[in-house]
Amino acid sequence: MNNQEEKNTTLTHLDKEGNPSMVDVGEKNITTRVAVAQSIVEFPLEVAQTIQTQDNLTKKGSIFQTAIIAGIMGTKKTSELIPLCHPLPLDKCNIEIEWTSDTELIIKSTAKVTSKTGVEMEALTGATVAALTIYDMCKALSQDIVIKETKLFHKSGGKTDFNR
């Protein structure tokens with residue numbers, strides 16, 4: 001079995017006995033690592049139109065600005081939310097939100113660190129928390145808002161790079 005096949009069949013967060021274990025990154029090289037993830041939020045047409053005509057404002061405040069702050073906070077707190085993630089000294093995290101159609105918006109989360117381990121989970125958490133915040137701020141208008149998809153688009157700087 002070659003190294004790539006072994007990597008794809010081995011769960012890294014389990015020890016030899018099958019118990020949960022934090023990955024030992026002590027021997028890894030410090031490199032600059034970047035990850036980009038996105039979440040898609042879909043609204044009923046009348047809800048999307050209401051939000052857009054009100055310039056993304058609700059009684060709770062600016063939807064996008066609040067979601068951006070929440071996404072950044074989620075990125076920074078990933079290791080507190082996901083038990084086996086390493087706490088990371090992030091160099092940068094960024095959340096961008098834009099309408100891509102009359103009823104859909106995309107949240108793009110970028111995380112960067114100079115470290116021994118990657119930031120995929122941080123980017124995914126940032127996008128997810130921003131999407132949940134948008135849902136929370138808009139749920140009074142409808143419960144038919146759908147967080148459709150969260151996925152990793154890019155990672156670089158570690159042993160393997162990834163681009164979708």
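Bear in mind that the values in this text are calculations on the coordinates, not laboratory data. Quantities reported herein were computed from a predicted structural model and do not represent experimental measurements. Cβ sites come from the backbone with ideal geometry, for glycine too, and all protein chains shown count toward neighbours.
Under Stokes-Einstein, with the Kirkwood radius over Cα pairs as Rh, the value for segment 30-157 at 37 °C and 0.692 mPa s is 223 µm²/s. Given a Förster distance of 22 Å, report the FRET efficiency between residue 162 and residue 15 from their Cβ-Cβ distance, rounded to the nearest 0.05. Taking R0 as 22 Å, the efficiency between residue 162 and residue 15 is 0.30. Calculated [222 nm] ellipticity per residue, helices only, for the chain: -9500 deg cm²/dmol; basis is -39500 (n - 2.57) per DSSP H run with n ≥ 4, divided by all residues, nearest 500. Taking the Cα of residue 101, stepping 7 Å toward and past its beta carbon, and measuring to each backbone N in segment 21-53: which are under 20 Å? Counting only backbone N, you get 38-53. Centre-to-centre separation between the Cα atoms of segment 39-54 and those of segment 72-122: 24 Å. Between helix 120-138 and the chain there is an angle of about 20 degrees, using the helix long axis and the longest principal axis of the Cα atoms. A full extension of the chain between residue 92 and residue 30 corresponds to an added length of 20.7 nm, given 0.36 nm per residue minus the alpha carbon distance. Relative to the longest principal axis of the Cα atoms of the chain, the long axis of helix 63-76 makes an angle of roughly 10 degrees.
Peptide packing for 21-31, 68-78 was compared via the average number of neighbouring C-beta atoms within 10 Å per residue; ordered from the highest value, the list is 68-78, 21-31. Computed extension gain for residue 45 through residue 136, at 0.36 nm per residue and net of the alpha carbon distance, reaches 31.0 nm.
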